[in-house]
Ligand code: ZN
């Protein structure tokens with residue numbers, strides 16, 4: 001297994017739209033394992049392939065307290081979204097930034113697992129937020145782009161300062 005480098009906002013490659021996975025084979029399963037390891041090591045609760053510069057429709061996440069409930073979504077499709085909720089989000093590609101984002105409260109999502117088996121999942125709360133956040137990545141969207149332009153400008157300035165200080 002390997003820890004993969006995570007693209008950092010505002011890297012342009014975070015705006016690429018991910019392609020559908022045609023065949024779930026061993027190379028995909030290897031990427032799943034490496035992405036899971038990268039996510040747990042960060043540590044984070046979700047990671048989209050886009051963030052490790054692989055532009056295919058693959059997400060891993062684990063919102064469990066014990067980090068023992070890895071969920072894999074290949075070619076995820078939002079089947080239903082209901083209600084509205086605002087909650088604070090962060091992102092491994094935007095370190096140190098936490099902002100409130102408005103999203104659907106409950107969703108139903110269909111996808112393939114790492115064995116290529118179709119499943120559907122109903123999600124609420126943190127799991128629903130995390131799935132929507134990661135599905136945004138596959139479309140080339142980073143969560144801060146859902147905020148006002150003023151906030152985005154402030155965030156970019158803050159990140160620049162952070163990076164200068166750690167270099
Ligand atoms: Zn993210």
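Going by the conditions given, is residue 42 within 16 Å of the ligand (Cβ to nearest atom), over 25 Å from residue 145 (Cβ atoms) and either surrounded by fewer than 20 Cβ atoms within 10 Å (Cβ to Cβ) or modelled with pLDDT of 95 or more (or both)? Criteria not met by residue 42.
Within segment 138-155, take every residue that is loosely packed, with under 15 Cβ neighbours inside 10 Å and in contact (Cβ under 8 Å) with a residue 24 or more places away in the chain and give me the one that is farthest from residue 97 (Cα to Cα). Of everything passing the filter in segment 138-155, 139 is farthest from residue 97 (Cα to Cα). Among the strands (runs of 3 or more DSSP E) confined to segment 50-167, the ones with at least 1 residues that are farther than 24 Å from residue 13 by Cβ are located at 71-82, 85-91, 94-103, 106-112, 118-124. So which of 59, 6 is within 11 Å of the ligand (Cβ to nearest atom), within 22 Å of residue 158 (Cβ to Cβ), modelled with pLDDT of 95 or more and in contact with a strand residue (DSSP E or B) (Cβ under 8 Å, 6 or more places away or on another chain)? Step by step, each of 59, 6 is checked, and only 6 is within 11 Å of the ligand (Cβ to nearest atom), within 22 Å of residue 158 (Cβ to Cβ), modelled with pLDDT of 95 or more and in contact with a strand residue (DSSP E or B) (Cβ under 8 Å, 6 or more places away or on another chain).
Applying a threshold of 8 Å to beta carbon distances and a minimum spacing of six or more residues, or different chains, the list of pairs starting in segment 86-98 at a residue that is closer than 18 Å to residue 50 by Cα and ending at one that is outside any strand (DSSP E or B) and more than 13 Å from the ligand (Cβ to nearest atom) reads 94/155; 94/159; 95/159; 95/162.
Among the criteria (1) out of contact with any helix residue (DSSP H, G or I) (no Cβ under 9 Å at 6 or more places or on another chain); (2) without any contact (Cβ under 8 Å) to a residue 40 or more places away in the chain; (3) surrounded by fewer than 14 Cβ atoms within 10 Å (Cβ to Cβ), the one residue 1 does not fulfil is (1).
With respect to the conditions (1) touching a helix residue (DSSP H, G or I) at 6+ places or on another chain (Cβ under 9 Å); (2) surrounded by 14 or more Cβ atoms within 10 Å (Cβ to Cβ); (3) not in a helix (DSSP H, G or I), residue 34 lacks only one, and its number is (3).
Looking across segment 91-119, the residues that are within 15 Å of the ligand (Cβ to nearest atom) and surrounded by 15 or more Cβ atoms within 10 Å (Cβ to Cβ) come down to 91, 92, 93, 94, 95, 97, 99, 101, 103.
Please specify each residue of segment 69-84 satisfying the condition of being within 15 Å of the chain's Cα centre (by Cα) and surrounded by fewer than 12 Cβ atoms within 10 Å (Cβ to Cβ). Within segment 69-84, no residue meets the criteria. Within segment 81-100, is even one residue on the phi > 0 side of the Ramachandran plot and modelled with pLDDT under 95? Looking through segment 81-100, at least one residue is on the phi > 0 side of the Ramachandran plot and modelled with pLDDT under 95.
The values are calculated or read from the model by the stated rules, or taken from the named source; none is laboratory data. Not measured: the values here are computed from a predicted model. Every residue, glycine among them, receives a Cβ derived from its backbone with ideal geometry; neighbour counts consider all protein chains shown.
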